[in-house]
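The block underneath contains the structure these notes are about, expressed in structure tokens.
The values are calculated or read from the model by the stated rules, or taken from the named source; none is laboratory data. The shown structure was predicted, so the numbers you read here are calculated from the model rather than taken from an experiment. Cβ placement follows ideal geometry from the backbone for every residue including glycine, while neighbour counts extend to all protein chains displayed.
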Amino acid sequence: MQCVILAAGEGKRMRPLTASRPKVMLPVANRPILEHLIAAAVRAGFSRFLLVVGYGEREIREHFGDGSSFGCRIRYVTQRQQLGTADAVRSCAGLVSGPFLLMNGDMIVGHDDIAAIAAMDGAVMGIHRTDHPEDFGVVTCDDGFITGLEEKSPNPKSKMINAGVYRFDEEIFDRIGGIGVSSRGELELTDALAEYIEERRLRSHMLKIWLDMGYPWDLLDANTRLLTEQEPVVEGEIEEGVVIKGAVSVGKGSVVMSGTYIEGPCIIGRGCKIGPHAYLRPATSIGDRCHIGHSAEVKNTIVLPDTKIPHFNYVGDSVIGSNCNFGAGSKVANLRNDKAIIKVAGRATGRKKLGAIVGDRVNLGINCSINVGTVIGPGVNIAPHSFVEGWIDEGTSFQS
């Protein structure tokens, strides 16, 4: 059985992090989302993969290659225009035969659930329970079958949602051929499932593990979960005078300098310089070739490769892009004074602690203050002693 993974979308809700990379390549615990998903499927017994790529496909192809480094064989098909999920699946027609597994590439699922769905008969949909079903396709079930499916209803009929994991056979391509363009101007896979549901032929499987990443702050929850589960590996150098508590991984070529204090779970990539006298708190992922320097404190944060947070900085509950530089004394706030739920661009995040979402190549001058829920686009230059909040568009030259 082949595993088809849809990885062609940009992920606009993940902006500005997806301005220069596809959503599926955003790192969680220092590995792309898609890599975690493929690893789970390989562990479930799959060895043949077909990736549907489009936006940013070069990065995906270069990272995964033919799949041999990941214990599998990978082929690719390009969705030239992102015309919807059904269009993405349709691009696989003629490249798969017999039953196949289909998964969205922007989530993380447990290998046990993947194996269980693959072992079932007929058409199957993975479902999951959530406290905010209005953000997803809501399903109703009866006796193990899907009885209803409604996309993003303001008044959801249940808390069960379509999790984006399916088992199909070649019949699905005929079903897709019979649907039209939706009100959103796309070919929706869910429209192709209507007859399956009407005929009571779409089985359901409740997923035990399902980590969806629709918005940047969702990456933080997934990062915490995966860091907690992984075994620590230390390949770099840890100098005398370093204190490490809990599970901490240090990549090859990295140096953790004297006086640094690290609380796991935490992962440090390759070629990093940490310290001296840095403080890394739990649920922090530091990408390759980063510098976290003297008296810098980083907590519950994802830092992408080649970024420098080198002097007297504080960054908490944030996602920081690649090739950024924080001027000395620049800090990110992560808690409102009234401790209310933080909003980003008017959208409630459900989090009382959230710092900033920072795109690639952002430069902060010294002693800058970044307020809670701030989004900074790629290539923004911020003058020294600036106070920054709200949404800062790409390429802005920010004056104090």
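Checking the structure you have, find out if any residue of the range 32-46 is of a type in the set (Asp, Glu) and either at positive phi or modelled with pLDDT under 90 (or both).
No, there is no match, as no residue in the range 32-46 is of a type in the set (Asp, Glu) and either at positive phi or modelled with pLDDT under 90 (or both).
Please enumerate the residues belonging to the range 59-89 that are basic (Lys, Arg) and modelled with pLDDT of 95 or more.
Initially, the range 59-89 is screened for residues basic (Lys, Arg), giving 61, 73, 75, 80.
Within the range 59-89, Arg61, Arg73, Arg75 qualify.
Mind listing whichever residues of the range 265-279 are assigned to a strand (DSSP E or B) and without any contact (Cβ under 8 Å) to a residue 40 or more places away in the chain? Before you say what the answer is, go through the steps one by one.
At the first step, the residues of the range 265-279 found to be assigned to a strand (DSSP E or B) are 266-268, 273-274, 279.
Cys266, Ile268, Lys273, Ile274, Tyr279 - these are the residues of the range 265-279 that are assigned to a strand (DSSP E or B) and without any contact (Cβ under 8 Å) to a residue 40 or more places away in the chain.
So, in the range 5-37, of the ones that are charged (D, E, K, R) and assigned to a helix (DSSP H, G or I), which residue ends up farthest from Val248 (Cα to Cα)? So that I can check it myself, show each step before the final result.
Initially, the range 5-37 is screened for residues charged (D, E, K, R), giving 10, 12-13, 15, 21, 23, 31, 35.
Imposing the further condition that a residue be assigned to a helix (DSSP H, G or I) reduces the set to 12-13, 23, 35.
Values: Lys12: 33, Arg13: 31, Lys23: 26, Glu35: 21 Å.
Out of the qualifying residues, it is Lys12.
Of the residues Ser295, Ser330, only one is in contact with a His (Cβ under 6 Å, 6 or more places away or on another chain) and more than 16 Å from Gly269 (Cα to Cα); which?
Of the residues listed, the single one that is in contact with a His (Cβ under 6 Å, 6 or more places away or on another chain) and more than 16 Å from Gly269 (Cα to Cα) is Ser295.
Just checking, does the range 381-400 include any residue being under 21 Å from Leu219 (Cβ atoms), assigned to a loop (DSSP other than H, G, I, E, B), of a type outside the set (Gly, Ala, Ser) and in contact with a Lys or Arg (Cβ under 7 Å, 6 or more places away or on another chain)?
no
Please find, within the range 3-20, the residue that is surrounded by the fewest Cβ atoms within 10 Å (Cβ to Cβ) out of those that are touching a Pro at 6+ places or on another chain (Cβ under 9 Å) and either farther than 20 Å from Gln79 by Cα or of a type outside the set (Gly, Ala, Ser) (or both). Break it down into steps so the answer makes sense when it comes.
At the first step, the residues of the range 3-20 found to be touching a Pro at 6+ places or on another chain (Cβ under 9 Å) are 7-11, 13-17, 19-20.
Imposing the further condition that a residue be either farther than 20 Å from Gln79 by Cα or of a type outside the set (Gly, Ala, Ser) (or both) reduces the set to 10, 13-17.
Numbers: Glu10: 16, Arg13: 13, Met14: 23, Arg15: 20, Pro16: 24, Leu17: 26.
Restricting to residues being touching a Pro at 6+ places or on another chain (Cβ under 9 Å) and either farther than 20 Å from Gln79 by Cα or of a type outside the set (Gly, Ala, Ser) (or both), the top hit is Arg13.
Does at least one position in the range 355-371 carry a residue that is out of contact with any Asp or Glu (no Cβ under 6 Å at 6 or more places or on another chain), small (Gly, Ala, Ser), surrounded by 21 or more Cβ atoms within 10 Å (Cβ to Cβ) and more than 25 Å from Asn223 (Cα to Cα)? Let's see the steps before the verdict.
Step one: list which residues in the range 355-371 are out of contact with any Asp or Glu (no Cβ under 6 Å at 6 or more places or on another chain), which gives 356-370.
Narrowing the set further to residues that are small (Gly, Ala, Ser) leaves 356, 359, 365, 369.
Now restrict to residues that are surrounded by 21 or more Cβ atoms within 10 Å (Cβ to Cβ): 356, 359.
Filter once more, keeping what is more than 25 Å from Asn223 (Cα to Cα): none.
No: zero hits.
Could you tell me which numbered condition Asp317 fails, if it satisfies all but one of (1) touching a strand residue (DSSP E or B) at 6+ places or on another chain (Cβ under 6 Å); (2) within 19 Å of Pro16 (Cβ to Cβ); (3) of a type outside the set (Val, Ile, Thr); (4) surrounded by fewer than 19 Cβ atoms within 10 Å (Cβ to Cβ)?
All conditions are met except number (4).
Got a sec? Which strands (runs of 3 or more DSSP E) wholly within the range 280-377 have at least 1 residues that are farther than 25 Å from Met25 by Cβ and not assigned by TED's automatic domain parsing to the domain that holds Trp391? First the steps, then the outcome.
Details: elements: 284-286, 291-294, 297-299, 308-311, 314-316, 356-358, 374-376.
Output list is empty.
Return yes when Met125 is under 14 Å from Leu207 (Cα atoms), in a strand (DSSP E or B) and more than 21 Å from the chain's Cα centre (by Cα) and no when it is not. So that I can check it myself, show each step before the final result.
Working: under 14 Å from Leu207 (Cα atoms): yes; in a strand (DSSP E or B): yes; more than 21 Å from the chain's Cα centre (by Cα): yes.
For Met125, the condition - under 14 Å from Leu207 (Cα atoms), in a strand (DSSP E or B) and more than 21 Å from the chain's Cα centre (by Cα) - is met.
Checking Thr140 against (1) among the polar types (S, T, N, Q); (2) out of contact with any Lys or Arg (no Cβ under 7 Å at 6 or more places or on another chain); (3) closer than 30 Å to Pro216 by Cα, which test does it fail?
Condition not satisfied by Thr140: (2).
Take the range 233-246 and flag every residue that is closer than 19 Å to His277 by Cα and in a loop (DSSP other than H, G, I, E, B). Show your work before the answer.
Start the filter on the range 233-246 by keeping residues that are closer than 19 Å to His277 by Cα, which leaves 236-246.
Gly236, Glu239, Glu240, Gly241, Val242, Gly246 - these are the residues of the range 233-246 that are closer than 19 Å to His277 by Cα and in a loop (DSSP other than H, G, I, E, B).
Among the residues of the range 90-122, count how many are under 22 Å from Leu207 (Cα atoms) and part of a helix (DSSP H, G or I).
Step one: filter the range 90-122 for residues under 22 Å from Leu207 (Cα atoms), giving 99-122.
If we keep only those that are part of a helix (DSSP H, G or I) too, we end up with 111-118.
Result for the range 90-122: 8.
Evaluate the range 79-93: report whether one residue or more is touching a helix residue (DSSP H, G or I) at 6+ places or on another chain (Cβ under 8 Å), crowded, with 20+ Cβ neighbours inside 10 Å, on the phi > 0 side of the Ramachandran plot and in the same structural domain as Arg200 (by TED's automatic domain parsing).
Checked against the condition, which is being touching a helix residue (DSSP H, G or I) at 6+ places or on another chain (Cβ under 8 Å), crowded, with 20+ Cβ neighbours inside 10 Å, on the phi > 0 side of the Ramachandran plot and in the same structural domain as Arg200 (by TED's automatic domain parsing), the range 79-93 yields at least one hit.
So how many residues does the range 180-220 have that are of a type in the set (D, E, K, R), within 30 Å of Ala19 (Cα to Cα) and modelled with pLDDT of 90 or more?
Number satisfying all stated conditions: 1.
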